[in-house]
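The values are calculated or read from the model by the stated rules, or taken from the named source; none is laboratory data. Quantities reported herein were computed from a predicted structural model and do not represent experimental measurements. A quick note on method: Cβ atoms are made from the backbone with ideal geometry, for glycine too, and the neighbour counts reach across all protein chains shown.
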Amino acid sequence: MKVDQSLPLEYGTEQNQMNILGFWIFLGAEIMLFATLFASYFTLEHRIGSGPSGAEIFEITPVLIETFLLLTSSFTIGLAIHAMRLGRQKAMMGFLAVTLLLGLAFLGVEIYEFIHYYHVGATLQTSAFTAILLTTLGTHGAHVTLGLFWGLFILIQIKKRGLTPATANKSFIFSLYWHFLDVVWIFIFSFIYLKGMM
Amino acid sequence: MEFFQRFAIPHPSPAIYASMVAIVLTMIAIVVGVTYFKKWGYLWREWLTTVDHKRIGIMYLISALLMLFRGGADAIMMRAQLAAPENTLLDAQHYNEIFTTHGVVMIIFMAMPFIMALMNFVVPLQIGARDVAFPRLNALSFWLFFMGAMLFNISFVVGGSPDAGWTSYFPLAGNEFSTSVGTNYYMIAIQIAGIGTLITGINFLVTILKMRAPGMTLMRMPMFTWSALITNLIIVFAFPVLTIALLMGTMDRLFGTHFFTLDNGGMDMLWANLFWIWGHPEVYILILPAFGVYSEVISTFSRRNLYGYTSMVASMVVISLLSFTVWVHHFFTMGQGALTNSIFSITTMAIAVPTGVKIFNWLLTMWRGKIVVTTPMLYSLLFIPLFTIGGVTGVMLGMSAADYQYHNTMFLVAHFHMVIIPGVVFAMLAGLTYWWPKMFGFMLNEKLGKAAAWVIAAGTLLAFMPMFFTGLDGQARRMYTYSETAGYTTGNMISFVGAAILAIGFVIIVYNIYYSFRYAPRNIGSDPWDARSLEWATHSPVPDYNFAVTPQVESREAFWDAKKKGHVLFKEELKKIHMPNSSGVPFIMSALFFVFGFGFIFSIWPLVIISGIGIFACMAHRSFEKDDGFYIPVEEVKETEEKLGGAK
Amino acid sequence: MKLKWVLLSVMITISAVLTGCEPLMVLDPKGPQAARQASDIMMSIGIMSFIVIVVFSLLAFMLIKYRASKQSEDYEPPYIEGNIWVEAICVGIPILIVAFLSVVSVRSNYIVEATPEGYEHKEPLVIYASSSNWKWHFSYPEQGIETVNYLYIPTDRALEFKLYSHGPITSFWIPQLGGQKYAMADMVTTLHLAADEAGEYMGRNANFSGKGFAENIFEVTAMPEQEFEDWVEEVKDTASPITEAKFNELLEPGHLGRMTFTGTHLEFSPAPEHNHGAGNSSQDNEHHDEEEHSDHSGH
């Protein structure tokens, strides 16, 4: 495997460059996926049937905590990639671990939020509005969950194999994914929660 | 016993029982046959675990042909049922199931794999690459598609077929009006195949953008590769919409949500919108590669370069953009009002402009050419007039006020068959005949090939032209019968005859494959058609590594200029060649997807959980696996090259 | 020889269809909307035939002139990149045609979506047409009567059909009076029609709606206004009133013959006119009236 030393490690081989381009295209598809969910959400937002509306069930505190956790984790994954570029494996692993812990905490709060919805009578079966709300949040949450496992696998691989072109490439792609989830969350926060509570 | 009740067919008939027996016997025959000839190892090593784009292409091709006959059998039954008024060959329920599966099978499981087959086989060769960017993912794409197709097809004998039309409009497709598991099959099987297609889209975009031979700029790419690039771009942006629509449909059916239901805020029109936001680009996903094939074929057999290369590329880009802006024309009659209809009417008719540019460019490619009418060229020449009929009726349908009269009638059915058959099916048959020698090392018989082309063209005209008239006479589509006084008898009888002639055409093609396999000469060289692009610069059939030496490109028609102007394609010395490893994981993972989907369809949750964990384990395995591929040593490359006809 | 074959089959097709039938229903309009649509159709067929002829003749010309068999062995076709003027014509002429068709299409859109021309002097007759599996219910609120599976209409008055469905999406279509429109469960769509002549017309649901779809048809009888009034009086004298229980019975899936009632089901089961997102029960209506009535034009 040829490694081009003039480029950052994650871009070092031709395969690595293709992986990164491929992942960007995948993110393009993901944008369409979430765009479809948002479009459906705006269409069904007011179709609450006999169930509650957004204003009646949204709670600001858990949402703010979730936002804080996820934004911070986006920052720490950035630090991890920075450390990786400097070749500092320990620091990199540390920041990656922090990122995953923040992600886990986010997921915990989100689960609490879902239980809250269940208790106030907003379940998947209540109305078109609750169904699209929980599906949109759930799709994002499922992405985070998958990301946690993925990040954990990468962490283990870096520990076992060190910072190689392959592990660096995976870490970089993982960071793209994580930033993307953060951006999606910002949209969820603004256009679902804030708009719904106003 | 109660557990097994759910797998029973809700509306059994002798034909279905006969098919069950036939399916079981065929499967036994396959297993016994493979065991008897001791081919299990061969099958596993060379096909089930392969990551070679050429073999994957051939597997796509075989699947597409199988599905063509499944969908074709549906079509014949439909036309036979309608051939006479008040016919009792099929009852309403069976007719509904058959036109639903006909639509789904032909679009998703026949046309899609057919274009995937050609793209897989041809694109890496045309750009001078050794494989696609992600060979392992490519295998996964194929197996996901294949398992999706198999899952959809077993609906016929296990649990019942979907019966709400290939568009599966809600609330008809919801639990309230479709109580059998049929529509679950629709939702899940298409979802699984769709994931495979999305992965292909990403894979080929990276392949084309990153793996072109040195010197091949974007504007030097062969037109088929250009069409593949645009097609995959549309796939990446259109398929996620389908993913979400199917997810919502699945949840409505299995988890009692209210996305598209009649009560609690459900909105049936949302499904129609989402379906067609994917569905209309899907039409162009099918037709653009077909246009690519025609561009290659017409240019090759006019012995001329493609006229207006730049405008051909530009028109495809414009079509791809417009394809996302026209979906409302599938339901002008939904009551959006005159303004919305006017906007979408104009965007729809606007697509005729870039399409027209392509037609004129093909005609101008023949101008001052030296036209040789081979089988692929014959398909292309038949395509132009037939597709023009289909295309101009499309413009007529685009006029929204008049569409109130065409919508939901046989006129519409005639239109889209006159577009898809000459557009896509003729192109696939042309492409199949054209690249066949590259795939298998012998040519298909020209005489039989041309006969099939003429018969298929005549069958198409005869089957679909009468529908324009019965449609204008008020025959709605999807009616399983009509009364004698309705006046549709003659037209439908002619359609039936046409369908039968079409079937004969396809039988001739099958016979041609058999005949040519037996009798065609094998010493045809690497360039039997005197063609122009890079895939003809390597041997037929193509060695594993495609090109012993990576070609260097200096012009648009690299191989033609190498032949005529003496450009040197292969400048470097032989080196060891890096190749990807085979892997059984894509096959296993897709098989798990099959089980996963089956569990979902019948709500057998333990099965879903177990197979879900299995799928996750496959992904984890991939994450931890170290896979650096292997090298073919120089000596072996030399040996192969000499065996195939001398080193280049 | 083979070419002859194809030509022959085309000729057989066209002649058989043309001689074997009455004038095609859509092209034999009996109302102003259908007439507008039929004239659009004939006009577009004319323009499209011109395009088809151009393409066919270009193709024939290329094939006859540039066949390899017509040329010398050593003729080498030239490399031609393309010509900006030729391309401009290939783009320009289709653009002109599409622009012309667009103007016609937009004007027709506004015509078919409004009260028919020549009928503006009188208030249109409002008829609620709702579908259930696999029947049509016609309510005449003005007259206070209701029919099932048949429709009587006066000739010299505009008709305004209010369409909705008690089940799957259906499409209300009387080809000789005008094009179709969807009937859906959670909104009411409006179709403007009028009949110029008295007569019997075929009406049907054109959108697939399940097992009984093929027979989901109704008969339309157009008659002079006086006759229509007489019929209304006769119905009021002879028919029994529709009750909620009876109506729910009618909604059960199946086929029914013609039926006639006094009163309309709209009184106890109103049409979903401003009802987006409301639940099953009609009492919910006031509750959500302030909700945004999302129009579907945005999608």
Only one residue in B:T333, B:T257, B:T310, B:T325 is β-branched (V, I, T) and in contact with an Asp or Glu (Cβ under 8 Å, 6 or more places away or on another chain). Which one?
-> B:T333
Considering (1) within 19 Å of the chain's Cα centre (by Cα); (2) within 11 Å of chain B (Cβ to nearest Cβ), say which one C:A194 fails and leave the rest.
-> (2)
Checking C:G82, C:G92 in turn, the sole residue that is on the phi > 0 side of the Ramachandran plot and free of Cβ contacts under 8 Å to residues at least 40 places away in the same chain turns out to be C:G82
For the stretch B:330-385, which residues satisfy the criterion of being of a type in the set (A, V, I, L, M) and outside any helix (DSSP H, G or I)?
-> B:I351, B:I371, B:V372, B:V373
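Can you tell me how many residues within the stretch B:445-454 are more than 9 Å from chain C (Cβ to nearest Cβ) and surrounded by fewer than 24 Cβ atoms within 10 Å (Cβ to Cβ)?
4
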Could you tell me whether any residue of the stretch A:53-66 is assigned to a loop (DSSP other than H, G, I, E, B), surrounded by fewer than 17 Cβ atoms within 10 Å (Cβ to Cβ) and more than 11 Å from chain B (Cβ to nearest Cβ)?
-> yes
Within the stretch A:23-69, restricting attention to residues that are among the charged types (D, E, K, R), touching a helix residue (DSSP H, G or I) at 6+ places or on another chain (Cβ under 8 Å) and in contact (Cβ under 8 Å) with a residue 60 or more places away in the chain, which residue is nearest to A:V184 (Cα to Cα)?
-> A:E30
Quick one: is B:N273 within 28 Å of B:G431 (Cα to Cα), outside any loop (DSSP other than H, G, I, E, B), modelled with pLDDT of 95 or more and not small (G, A, S)?
-> no
Residues of the stretch B:572-595 being crowded, with 16+ Cβ neighbours inside 10 Å, among the polar types (S, T, N, Q) and outside any helix (DSSP H, G or I), which ones?
-> B:S582, B:S583
Have a look at C:P78, C:P94 and point out the one that is farther than 29 Å from B:S345 by Cβ and out of contact with any strand residue (DSSP E or B) (no Cβ under 7 Å at 6 or more places or on another chain).
-> C:P78
Residue tally, condition in contact with an Asp or Glu (Cβ under 7 Å, 6 or more places away or on another chain) and either hydroxyl-bearing (S, T, Y) or outside any helix (DSSP H, G or I) (or both), over the stretch C:29-87 | 2
Inspect the stretch B:212-225 for any residue being assigned to a loop (DSSP other than H, G, I, E, B), modelled with pLDDT under 95 and among the charged types (D, E, K, R) and give the result as yes or no.
-> no
Would you point out which residue out of B:T50, B:T88, B:T100 is in contact with an Asp or Glu (Cβ under 6 Å, 6 or more places away or on another chain), more than 18 Å from B:A503 (Cα to Cα) and away from chain A (no Cβ under 14 Å)?
-> B:T100
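Only one residue in B:A463, B:A427 is modelled with pLDDT of 95 or more, in contact with a Lys or Arg (Cβ under 9 Å, 6 or more places away or on another chain), more than 9 Å from chain C (Cβ to nearest Cβ) and buried (at least 24 other Cβ atoms within 10 Å of the Cβ). Which one?
None of the other options fit; the residue is B:A463.
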Looking at the stretch B:263-294, which of the residues that are among the charged types (D, E, K, R) and within 11 Å of another protein chain (Cβ to nearest Cβ) is farthest from B:M418 (Cα to Cα)?
-> B:D263
Residue match in the stretch C:110-123 (condition: without any contact (Cβ under 8 Å) to a residue 60 or more places away in the chain, buried (at least 22 other Cβ atoms within 10 Å of the Cβ), more than 7 Å from every other protein chain (Cβ to nearest Cβ) and within 21 Å of the chain's Cα centre (by Cα)) = no
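Just one of A:L96, A:L163 is part of a loop (DSSP other than H, G, I, E, B) and closer than 24 Å to A:P8 by Cα; which is it?
On the way: A:L96 fails: part of a loop (DSSP other than H, G, I, E, B).
Just one listed residue meets the conditions, A:L163.
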Would you mention how many residues in the stretch A:83-93 are surrounded by fewer than 16 Cβ atoms within 10 Å (Cβ to Cβ), in a helix (DSSP H, G or I) and in contact (Cβ under 8 Å) with a residue 24 or more places away in the chain?
-> 2
Listed residues B:A520, B:A499; which is surrounded by fewer than 22 Cβ atoms within 10 Å (Cβ to Cβ) and out of contact with any His (no Cβ under 9 Å at 6 or more places or on another chain)?
-> B:A520
Which ones in the stretch B:592-648 are within 17 Å of B:W143 (Cβ to Cβ) and β-branched (V, I, T)?
-> B:V595, B:I615
Among the numbered criteria (1) buried (at least 24 other Cβ atoms within 10 Å of the Cβ); (2) at negative phi, which single criterion is violated by B:G474?
-> (2)
Output the number of residues of the stretch C:243-292 satisfying the condition of being surrounded by 14 or more Cβ atoms within 10 Å (Cβ to Cβ), at pLDDT below 90 and either of a type in the set (G, A, S) or closer than 24 Å to B:T257 by Cβ (or both).
-> 10
Which one of the conditions (1) more than 14 Å from chain C (Cβ to nearest Cβ); (2) within 30 Å of B:Y434 (Cα to Cα); (3) not basic (K, R) does B:V157 fail to meet, given that it meets all the rest?
-> (2)
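In the stretch A:94-109, is there at least one residue being touching a residue at least 24 places away in the same chain (Cβ under 8 Å), within 13 Å of chain B (Cβ to nearest Cβ) and not polar (S, T, N, Q)?
no
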Note: among C:I127, C:I145, just one is crowded, with 22+ Cβ neighbours inside 10 Å and either under 16 Å from C:K181 (Cβ atoms) or under 20 Å from the mean Cα position of the chain (by Cα) (or both), namely C:I127
Taking the stretch B:615-627 and the residues there that are among the charged types (D, E, K, R) and under 32 Å from the mean Cα position of the chain (by Cα), the one that is surrounded by the most Cβ atoms within 10 Å (Cβ to Cβ) would be B:R622
Assess whether B:L444 counts as being in contact with a helix residue (DSSP H, G or I) (Cβ under 6 Å, 6 or more places away or on another chain), closer than 28 Å to B:A520 by Cα and not in a helix (DSSP H, G or I).
-> yes
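What residue, of C:A222, C:A195, is under 27 Å from B:S400 (Cβ atoms), in the same structural domain as C:I153 (by TED's automatic domain parsing) and assigned to a loop (DSSP other than H, G, I, E, B)?
That would be C:A195, the only listed residue that is under 27 Å from B:S400 (Cβ atoms), in the same structural domain as C:I153 (by TED's automatic domain parsing) and assigned to a loop (DSSP other than H, G, I, E, B).
From the residues in the stretch B:315-362 that are small (G, A, S), within 10 Å of chain C (Cβ to nearest Cβ) and touching a residue at least 40 places away in the same chain (Cβ under 8 Å), which one is farthest from C:V55 (Cα to Cα)?
Of everything passing the filter in the stretch B:315-362, B:S342 is farthest from C:V55 (Cα to Cα).
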